[in-house]
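Notes follow once the structure below has been shown.
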Amino acid sequence: MDLQKKLKVDGTIEKFKARLVIQGFKQNSGIDYFDTYAPVARISTIRLLIAMTSIHNLIIHQMDVKTTFLNADKCVYSKFDETGKGVIICLYIDDMLIFGTDQVQVDLTKGFLSSRFSMKDMGEVDVIFGIRIKHESNGIAISQSYYIEKVLKKFNYFDCIPVSTPMDTSEKLMPNNGQAVSQHEYSRASKKQTYITGLTMESAFVALAAAGKEAEWLKNLLLEIPLWSKPIAPISICCDSAATLAKAYSQMYNGKSRHLSVRHNMIRKPITNGVISIKFVRSQPNLVDHLTKGLARDLVIKSAEGMGLKFN
């Protein structure tokens, strides 16, 4: 028996959940102990669909499935008629998001699903998996303030004094010769590269390969959604390393590292197939420059605003 608490965005309990696990004893600790074998949409998928909602003026409704959609073929489904009206359905275990072109399409979908499954209509969505959704005149704003506060409280940093910049501009990074920092102190969204690189160019090359892989996945998802106009232009990736850019467009990789040769092929394939394009951008106008070095507050604000972040 799997017992869980479903929380609201403010951290209060929305409801208690229980799931009967069949033959759970076959799962091995450290291998698949926490696997649920249920459809789980990636957070990048949800963010993409929210962006499409803003672009195409869609509406988002939520339904709770009392019987989990176990072993579903995929997490995103869509259906549109010849007039362009329809819905996109996104599954996340026992939660369902319905992105519709109008209320009529959403209501028809709800009625169809409720006639076949035991479901609870949650109405127009306000919070998606801890992400608060707010419709504004010029688009949609999303906030994860509760999640940020939760992480700060978990590591006892909630009462820390705010600083003007993420990193001290006068701070010089030095090798750590003292006590190692616990890995739990790092965000789960960041990690060390799994391959050793001796040059900045090589490190950027590994990151570029990862970005290209993500871009290719996003484009394949867009190809499945009729609402998005076709053909899809190559997804632009900015790179502030001229050496990395030249290496990416080179026909052959003449380095000695095998794992970099593999990543060269990973980058060349989507470039050749028109999936991505890579353009050079200088460090100063690079929007992610403040994530890699200490910058003055005005430059941090400029970069953050360029990424669509807002200051309270």
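No lab work stands behind these numbers, since they all come straight from the coordinates. Just so we're clear, the structure is a prediction, and the values are computed from it rather than from any experiment.
Annotations
- When the pairs LYS269/LYS302; LYS85/LYS269; LYS153/LYS302; LYS74/LYS153 are compared against a 31 Å limit on Cα-Cα distance, LYS269/LYS302; LYS85/LYS269; LYS74/LYS153 fall above it.
- Distances between placed amide hydrogens fall under 5 Å for VAL127 paired with ILE133, all partners being 5 or more residues away or on another chain.
- Under a 5 Å amide H cut-off, with hydrogens placed 1.01 Å from N, VAL40 pairs with ILE93 among residues at least 5 apart or on other chains.
- MET122 long-range amide H proximity, modeled H, under 5 Å: GLN62, MET63, ASP64
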